[in-house]
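Reviewing the structure listed below.
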Amino acid sequence: MSTAIVEPAEPSTGSPTRTDDNGARQPLFTVRGLTKIYPSGETEIRALDGVDLDLFPSELIVLLGASGSGKSTLLNILGGLDTPTDGTLTYRDLDLTSADEDELTRFRRDSVGFIFQFYNLIPSLTARENVALITEIALDPMTSEEALAMVELDDRMDHFPSQMSGGQQQRVAIARAIAKRPEVLLCDEPTGALDVKTGITVLEAIEHVNQTLGTLTVVITHNAVIADMADRVIYLSDGHIVEIRENKSRRPVRSLAW
Amino acid sequence: MVGGVAVGGAASHYDVPLRMTACFFPRRIVIAPLDLKLLRDLGKMKGQVFAVSLVMACGLAMMIMSRSLILSLESTRDAYYREHRFADVFCSLKRAPNALRPRLARISGVAAVETRVTGKVTLDLPGLAEPADGTILSLPEDRPQQLHLLFLRRGRLPALGSHNEVVVGEAFADAHGFRPGNEIDAIIYGARQRLKIVGIALSPEYVFEARAGEALPDNKRFGVFWMNERELATALELDGAFNNVIVDVAPSEDIAPVMADLDRVLAPYGGLVAYGRRDHASAVQLDDELMILRGLSVAFPAVFLSIAAFMSSAVLSRLVRLQREQIAQLKAFGYSSWQVGGHYLKFAVVIVALATVIGGCVGLFLGKNVVVLYHQFYKFPSLVLHPDWRMFGVAFVVSAGAAFLGVIGAVRQAVKLPPAEAMRPEPPADYQPSVLERLGLTHLVSTSFRMALRNLERKPWQAFFTAFGLALATGIPIVPGSFRDAIDYLLTFQWDVAQRQNVTVTLLEPGSASAMSDLGHLPGVMSAEPFRSVPARLRFGHHSRRLAITGLPRDARLNRLLDEHARPVELPSDGLLLSAKLAEILGCKPGDTLRLEVQEGRRPVREAVVQGLITDYTGVAAYMEIEALRRLMREGGTVSGAHLSVDTAHWKSFLAEVKEAPRIASLGIKEAVRASFLKSTGDMIGTITAIYFTFAIIVSFGVVYNSARIALSERSRDLATLRVMGFSHREVAAVLIGELALLTLLALPAGLWIGTQLATFIVTAASTETIRMPLILTTKSYASAVIVVLTSATLSFAVVSRRLHQLDLLGVLKARE
């Protein structure tokens, strides 16, 4: 058995979490036997191979693993960007494995924020407008200004991406992701393209959002040091979860160094 | 080695076994890796490659079609004129004895001379209520024919000494289905004869088989006949004499002195002034047609090829930008900038080669079909399409040049980037607030519209060229629309507004007032207006034209003269009214004085002032008030014919009487001419219009589709981001389409303007002495152009929106830009 389900410790924030009638916490995502197979010529690649996992509100999860271990595949399936070949995945009561294109679009629009390694800002829009893209379509968004203030970019609101540093661009991406007050924030190597100092500021922003909004946050990284900021660290290898480590306490990002 | 197909087995090459080759050669054909990349990249962008090639192919097809038609008509004409000995100088006269022939032959510069007898013939044909008419020419019996040799399509020439045997011109014979052996009733010089058709022939002087000066053939009612000289001379009371001379001038000689000598020799015999090919009705028709074709062979291809150049530039520069990293890698491996540059230029070569093949095939196909239509008008022994192969080369070079110009900038930029820098992700594109926002109008526009505006401002040239391509695509369909409307207008103007008579009668010889009275008393004639027609040469400065000055009553109500607004113009009591085109040819304007060299009677030379210009669309004419013309000729109430308004209730009895009237040379029936025009020219214009319209649709679809694909490719990362953030397909498509919709809207008014200019240019280029088209631009033409572009735009948006579904969200987001 390569997977393990470990009850997480109480989140370090006091943000509200749902519990069932018995007082046990309800997972936000329930993952069972999740398998993803990519055909590759005459063979196939099992990117995920029977993953079982529960993810709870407000948690900060770090996914660690070598290239090709299945981290990104898992993150993409969680975010409704990809569909599994086998297994089940539910988000609250929504069965994401059988959701159609429209349901997945609505799920992403209402519940998920994404952050990518290469920011993916719209270069023709200013910071404020990039965030406004989301606030225009979300159900209960904060204002662009609020979102940008959360990542401490209130003084750069009317700058275009080309007028900002990589770290600033990534913080705009975070503001854009959280402006809709998502329940889930999925970050795929958010510091991969940044130097240490800038990387820390970006992680601080993510940590701040997680703590203030109580957003379930999943961060993919190659950098083991970053794992210390998490509630739980999930190690993946060859599409299997090989270990789930629970941190006794989360280390503040500002104390991290690599 | 980079590029090309090599035979060998270098380890660095991908080996591509070709089964056929392997049978014969032990080694295998290998394609250099860069060429494999070329092939595969082309495969991935086949939609766009095809779109660009197709637009280019439209231009090339037009170019090859029209150039091949020009080549075919010119080479066929030249060979026909040469082999069948078309004369250089022509002259009619009253009567000269055959003994004068040797003297004519002795004129310096004359290589060959032919004296002939010609006359008018009126025909009574079964199945044709009205009389037909024709020209009958003599065939020499006592000597070999030297000039205007007939091409016998069927049958034979009249036997020597035969009686009543004639050869008939092919156009007329075909119109009636005549074959050798058929007989027809004819009136020659007032005497009824039964003619036996023994042959069907063509002559270089009747390539355009129509009454002299008529812009449109009416082969049902006009024909050409050839008869043995002696018999015809007897019929025309010209025994031992001739009334027509044709001369072949030696190649090295100038024709002007020959004409002058000929005039001098023939003057005592009632000679009309000699003229050259430039004034020969059939030759001029053909030259004018070639002139129109030459204009079209440049204008349209130029438009299509420039659009194609913009398109290929857009496609290829996008490709180069996308492959920035690959270019860096190639350079890092040691490929030179030239090799890399050459690789991208090969894309252009493939597009152009594809376009040349498609355009060539389509052009030849269209040419083969259009040449058949030409055969309706121009009678040659054989008229087949001679593909202008040289043009294929020119077409390839021209379009390759256009494509190269388009791509060279992008390639240069890509190869001059140091590899290390090129391999780093490009920094985010630089943007700034758009004009609208700088004006403080931000609140007026949505976020996606703001994106569109800023994109357009950031790449103004790309936006300009896209809009320009769209504008050209909008302009093109206006041209065939204006053709169609011009023909409609011309028919109405010419035959309803200007000519209100339904019959025009021309007399064999000018008649007196009593002749006019006879015409007015024909059955059913409700009103009759005389006309006087006097052949003359009009001279202004060193320009001159030979035509018939027409005298009309001042208050003419049937055959009216109109100005450009179709308002009647009253004839002045003295002086001339000229076709605007004639004034242009002569280089004169109202107020100028022309020299009139009358070529009839005592051949007086007079001066007349141009009092005004009139608008007409076929042929060129000079008019005078009929009394003024008679004064000029010093004659009484002479008439050449009359315009009649005939009550159709008495049509049959009118025609029956006309058929029996020996003094009537020809009868022009308006409705018959209109029907004949619609059948022949209508077909031609219809075909050409359909070709242009199809090409216009291809271009507008090609341009919009191509722009949408480029926008999709350039913006795929943005669009994928929006999709990931939860935008629906529809919302993302709206962002993509917004920019193009904006460009399309900007392009439409510009396109309507361009279309107007294009139509004006083509109408001007197609304006000749024989036929001119009015410039008619209706709301309908504009509306149909807009509809064509909007429909193509909608279709291409639909096609591209479907591709949005296939957008690889993960792939796009993971990849570095």
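When the residues of segment A:64-93 are filtered to those that are within 11 Å of chain B (Cβ to nearest Cβ) and within 16 Å of B:Asp808 (Cβ to Cβ), which remaining residue is surrounded by the fewest Cβ atoms within 10 Å (Cβ to Cβ)?
Checked segment A:64-93; the qualifying residue surrounded by the fewest Cβ atoms within 10 Å (Cβ to Cβ) is A:Asp82.
Exposed (fewer than 12 other Cβ atoms within 10 Å of the Cβ), among the polar types (S, T, N, Q) and either closer than 14 Å to A:Ser237 by Cα or modelled with pLDDT of 60 or more (or both), is that true of A:Ser58?
no
Among the candidates B:Leu758, B:Leu804, single out the residue that is part of a helix (DSSP H, G or I), touching a residue at least 24 places away in the same chain (Cβ under 8 Å) and closer than 30 Å to B:Arg324 by Cβ.
Going through B:Leu758, B:Leu804 in turn, just one is part of a helix (DSSP H, G or I), touching a residue at least 24 places away in the same chain (Cβ under 8 Å) and closer than 30 Å to B:Arg324 by Cβ: B:Leu804.
The rows are residues; the columns are (1) more than 17 Å from B:Ala536 (Cα to Cα); (2) crowded, with 21+ Cβ neighbours inside 10 Å; (3) polar (S, T, N, Q).
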{"site": "B:Asp563", "(1), (2), (3)": "yes, no, no"}
{"site": "B:Glu570", "(1), (2), (3)": "yes, no, no"}
{"site": "B:Val620", "(1), (2), (3)": "no, yes, no"}
{"site": "B:Thr648", "(1), (2), (3)": "yes, no, yes"}
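So, in segment A:102-116, of the ones that are within 8 Å of another protein chain (Cβ to nearest Cβ), not in a strand (DSSP E or B) and not aromatic (Phe, Trp, Tyr), which residue ends up surrounded by the most Cβ atoms within 10 Å (Cβ to Cβ)?
So, considering only residues that are within 8 Å of another protein chain (Cβ to nearest Cβ), not in a strand (DSSP E or B) and not aromatic (Phe, Trp, Tyr), the one surrounded by the most Cβ atoms within 10 Å (Cβ to Cβ) is A:Arg108.
Kindly provide the set of residues from segment B:111-134 that are crowded, with 20+ Cβ neighbours inside 10 Å and of a type in the set (Val, Ile, Thr), ordered by number.
B:Val113, B:Thr115, B:Val117, B:Val121, B:Thr122
Okay, residues lined up against (1) of a type in the set (Gly, Ala, Ser); (2) modelled with pLDDT under 85:
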| site | (1), (2) |
| --- | --- |
| B:Leu578 | no, no |
| B:Arg595 | no, no |
| B:Arg602 | no, yes |
| B:Gln611 | no, no |
| B:Ala622 | yes, no |
| B:Ser640 | yes, no |
| B:Ser666 | yes, yes |
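Report yes if some residue within segment B:765-776 is of a type outside the set (Val, Ile, Thr) and either more than 40 Å from the chain's Cα centre (by Cα) or modelled with pLDDT of 85 or more (or both); otherwise report no.
The answer is yes; a qualifying residue exists.
Can you tell me which residues in segment A:127-147 are at the interface with chain B (Cβ under 8 Å from one of its Cβ atoms) and farther than 30 Å from A:Asp93 by Cα?
Answer for segment A:127-147, where residues must be at the interface with chain B (Cβ under 8 Å from one of its Cβ atoms) and farther than 30 Å from A:Asp93 by Cα: just A:Glu129.
Counting only residues that are more than 27 Å from B:His375 (Cα to Cα) and among the β-branched types (Val, Ile, Thr), give me the strands (runs of 3 or more DSSP E) lying completely in segment B:61-176 with at least 2 of them.
B:110-116
Cβ-Cβ below 6 Å, separation at least six or inter-chain, first residue in segment A:232-258 and on the phi > 0 side of the Ramachandran plot, second not hydroxyl-bearing (Ser, Thr, Tyr): which pairs?
Once the first residue is on the phi > 0 side of the Ramachandran plot and sits in segment A:232-258, its partners that are not hydroxyl-bearing (Ser, Thr, Tyr) give A:Gly239/A:Arg46; A:Gly239/A:Ala47; A:Gly239/A:Leu48; A:Gly239/A:Asp49; A:Gly239/A:Gly70.
Okay, residues lined up against (1) away from every other protein chain (no Cβ under 14 Å); (2) of a type outside the set (D, E, K, R); (3) not in a helix (DSSP H, G or I):
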{"residue": "B:Ser676", "(1), (2), (3)": "yes, yes, no"}
{"residue": "B:Ala690", "(1), (2), (3)": "yes, yes, no"}
{"residue": "B:Ile698", "(1), (2), (3)": "yes, yes, no"}
{"residue": "B:Val704", "(1), (2), (3)": "yes, yes, no"}
{"residue": "B:Arg723", "(1), (2), (3)": "no, no, no"}
{"residue": "B:Arg730", "(1), (2), (3)": "no, no, no"}
{"residue": "B:Leu736", "(1), (2), (3)": "no, yes, no"}
{"residue": "B:Leu746", "(1), (2), (3)": "yes, yes, no"}
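Kindly establish whether B:Val198 is out of contact with any Ser or Thr (no Cβ under 9 Å at 6 or more places or on another chain), crowded, with 19+ Cβ neighbours inside 10 Å and at pLDDT 95 or above.
Here the answer is no, as B:Val198 does not meet what is asked.
When residues of segment B:777-801 are filtered for being part of a loop (DSSP other than H, G, I, E, B) and either within 14 Å of chain A (Cβ to nearest Cβ) or at pLDDT below 85 (or both), how many remain?
Total meeting the criteria: 0.
When you check A:Leu121 against the structure, is it crowded, with 16+ Cβ neighbours inside 10 Å, outside any loop (DSSP other than H, G, I, E, B) and within 14 Å of chain B (Cβ to nearest Cβ), yes or no?
Taking the combined requirement at face value, the residue does not satisfy it.
Out of B:Ala233, B:Ala314, which single residue is more than 30 Å from B:Val168 (Cβ to Cβ), touching a residue at least 24 places away in the same chain (Cβ under 8 Å) and in a helix (DSSP H, G or I)?
B:Ala314
Which of the numbered conditions does A:Asp155 fail, given that it passes all the others? Conditions: (1) closer than 28 Å to B:Asn455 by Cβ; (2) within 14 Å of chain B (Cβ to nearest Cβ); (3) over 20 Å from the mean Cα position of the chain (by Cα).
So the condition that A:Asp155 fails would be (2).
Determine if segment A:182-193 includes at least one residue that is of a type in the set (A, V, I, L, M), more than 19 Å from the chain's Cα centre (by Cα) and in a loop (DSSP other than H, G, I, E, B).
Looking for residues that are of a type in the set (A, V, I, L, M), more than 19 Å from the chain's Cα centre (by Cα) and in a loop (DSSP other than H, G, I, E, B), one finds none in segment A:182-193, hence no.
So B:Gly359 clears everything in (1) out of contact with any helix residue (DSSP H, G or I) (no Cβ under 8 Å at 6 or more places or on another chain); (2) modelled with pLDDT of 90 or more except one condition, right? Which one?
Result: B:Gly359 fails condition (1) only.
Which one of the conditions (1) over 19 Å from B:Arg803 (Cβ atoms); (2) free of Cβ contacts under 8 Å to residues at least 12 places away in the same chain does B:Phe727 fail to meet, given that it meets all the rest?
(1)
Can you tell me how many residues within segment B:542-586 are charged (D, E, K, R) and either without any contact (Cβ under 8 Å) to a residue 24 or more places away in the chain or under 30 Å from B:Gly276 (Cα atoms) (or both)?
7
What number of residues within segment B:320-351 are surrounded by fewer than 19 Cβ atoms within 10 Å (Cβ to Cβ) and not in a helix (DSSP H, G or I)?
Qualifying residue count, segment B:320-351: 3.
For segment B:352-467, list the helices (runs of 4 or more DSSP H) that sit wholly inside it and hold at least 1 residues that are within 14 Å of chain A (Cβ to nearest Cβ), more than 23 Å from the chain's Cα centre (by Cα) and buried (at least 21 other Cβ atoms within 10 Å of the Cβ); which are they?
B:447-458
Could you grab me the full set of residues in segment B:201-217 that are surrounded by 23 or more Cβ atoms within 10 Å (Cβ to Cβ), modelled with pLDDT under 85 and among the acidic types (Asp, Glu)?
Correct list: empty.
The values are calculated or read from the model by the stated rules, or taken from the named source; none is laboratory data. Quick caveat, the model's predicted, so the values are computed rather than measured. In this analysis, Cβ positions are derived from the backbone assuming ideal geometry, glycine residues included, and neighbour counts consider all displayed protein chains.
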